[in-house]
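Structure first, then comments.
The values are calculated or read from the model by the stated rules, or taken from the named source; none is laboratory data. What you see is a predicted model; the values in this text were computed from it and never measured. Backbone-built Cβ (ideal geometry, glycine too); neighbour counts: all protein chains shown.
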Amino acid sequence: EDQVTQSPEALRLQEGESSSLNCSYTVSGLRGLFWYRQDPGKGPEFLFTLYSAGEEKEKERLKATLTKKESFLHITAPKPEDSATYLCAVYKGGSYIPTFGRGTSLIVHP
Amino acid sequence: EAGVAQSPRYKIIEKRQSVAFWCNPISGHATLYWYQQILGQGPKLLIQFQNNGVVDDSQLPKDRFSAERLKGVDSTLKIQPAKLEDSAVYLCASSLLQGAYEQFFGPGTRLTVL
C-alpha cells in the first residue's frame, strides 16, 4: 500500500533555530514529490517539486532534498512568518492521483 | 494573475441536507481538482477533470457526491445527502497540465454538518 508519512507531527522552534522536516514514502516508481505550505484558513501554496534522488531545490530559508525513500525540508534560521503546516505529496508511476501526508505543523517563536 | 476562486467560504447544514460548492480555476488551466481535507489530515483527491472530462474519480463517494465541469472552465461539487463525516474543508485546485505538476489551490470551503 502506498504511504506518505511526515514527521514530526508538530515542531516548535525558536527564531533562528534551524531544523528539518521529514517526508518518507513507499510508492512504486516515484514520478514526483511536492512540498506545499498551508497557512490556517488557506489552501496549500506550492513550494518545490523534486523528481529524482539526489535532487535539491532552495528558496530563501528553505531547502528540499530527495532520496529514494524520503525527502527533507531544511529550514535555516527560521522566522516567525515561517510558521505554517508543511505538506508533502507524491505521485507514483502511472498515476495522476497525488497522495498527501498529514503534514508537519511548524511554529516559530520570536 | 487571479487565483483560484471558491464559494462559499463557509457553510453549515443539517445532516441529510444537500450542499453545493463552486470553483473557478486560473484562466487557461485545463486540469481541475477537488480535494477533501479533514481536520488534521492532508488533502484527499476526490475528482480530477481534464477540460470537461473526468480523469479520475476513484475516491469520490458516488452515492452522495457528484461533480461537473461544464464548458471546461468552472466546476461544481455537490453533496446529497450530507453526513456528519462530510464535515471538512473542500479545496479546489487547478494546474496548467495534467500529471505531476504544480497545483494552485483556492482558499477552500469549510463545511460543517450538524
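Among the residues of region A:61-74, how many are charged (D, E, K, R) and either modelled with pLDDT of 95 or more or buried (at least 16 other Cβ atoms within 10 Å of the Cβ) (or both)? Show your work before the answer.
Of all residues in region A:61-74, those charged (D, E, K, R) come to A:61, A:63, A:68-70.
If we keep only those that are either modelled with pLDDT of 95 or more or buried (at least 16 other Cβ atoms within 10 Å of the Cβ) (or both) too, we end up with A:61, A:63, A:70.
The qualifying residues number 3.
Listed residues A:40, A:78; which is within 30 Å of residue B:10 (Cα to Cα) and part of a loop (DSSP other than H, G, I, E, B)? So that I can check it myself, show each step before the final result.
Working: A:78 fails: within 30 Å of residue B:10 (Cα to Cα).
Result of the check over A:40, A:78: A:40.
Please state which one of A:30, A:106, A:13, A:21 is surrounded by 16 or more Cβ atoms within 10 Å (Cβ to Cβ) and closer than 21 Å to residue B:95 by Cβ. Explain how you work it out, then say what you get.
Details: A:106 fails: closer than 21 Å to residue B:95 by Cβ; A:13 fails: closer than 21 Å to residue B:95 by Cβ; A:21 fails: closer than 21 Å to residue B:95 by Cβ.
Result of the check over A:30, A:106, A:13, A:21: A:30.
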| query | Among the listed residues B:77, B:91, which satisfies the condition of being facing chain A (nearest Cβ under 8 Å), modelled with pLDDT of 95 or more, within 18 Å of residue B:11 (Cα to Cα) and crowded, with 20+ Cβ neighbours inside 10 Å? | reply | B:91
| request: Count, please, the residues in region A:4-41 that happen to be farther than 12 Å from residue A:88 by Cβ and either polar (S, T, N, Q) or modelled with pLDDT of 95 or more (or both). | output: 16
| request: Kindly provide the set of residues from region B:16-53 that are without any contact (Cβ under 8 Å) to a residue 24 or more places away in the chain and more than 11 Å from chain A (Cβ to nearest Cβ), ordered by number. | output: B:51, B:52, B:53
| Scope region B:77-100; condition more than 30 Å from residue A:51 (Cα to Cα) and out of contact with any helix residue (DSSP H, G or I) (no Cβ under 8 Å at 6 or more places or on another chain); matching residues | B:77, B:78, B:80, B:81, B:82, B:83, B:84, B:85, B:86, B:87, B:88
| query | For residue A:96, all conditions in the list (1) modelled with pLDDT under 95; (2) assigned to a strand (DSSP E or B); (3) among the aromatic types (Phe, Trp, Tyr) hold save one; what is the number of the exception? | reply | (2)
| For region B:78-98, how many residues are in contact with a strand residue (DSSP E or B) (Cβ under 7 Å, 6 or more places away or on another chain), of a type outside the set (D, E, K, R) and in a loop (DSSP other than H, G, I, E, B)? | 4
| query | What number of residues within region B:99-109 are in a strand (DSSP E or B) and within 8 Å of another protein chain (Cβ to nearest Cβ)? | reply | 2
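Go through region B:40-59 and give me each residue that's in a loop (DSSP other than H, G, I, E, B) and either closer than 30 Å to residue A:106 by Cα or of a type in the set (Lys, Arg) (or both). Working first, answer last.
Of the residues in region B:40-59, the ones in a loop (DSSP other than H, G, I, E, B) are B:40-43, B:51-52, B:57-59.
B:40, B:41, B:42, B:43, B:59, listed by residue number.
For every residue, the table says whether it meets (1) within 14 Å of chain B (Cβ to nearest Cβ); (2) on the phi > 0 side of the Ramachandran plot.
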residue: A:46; (1), (2): yes, no
residue: A:58; (1), (2): no, no
residue: A:66; (1), (2): yes, no
residue: A:76; (1), (2): no, no
residue: A:85; (1), (2): yes, no
residue: A:92; (1), (2): yes, no
residue: A:103; (1), (2): yes, yes
residue: A:108; (1), (2): no, no
| said: For the condition farther than 30 Å from residue B:109 by Cα and free of Cβ contacts under 8 Å to residues at least 24 places away in the same chain, what is the one hit in A:26, A:67? | reply: A:67
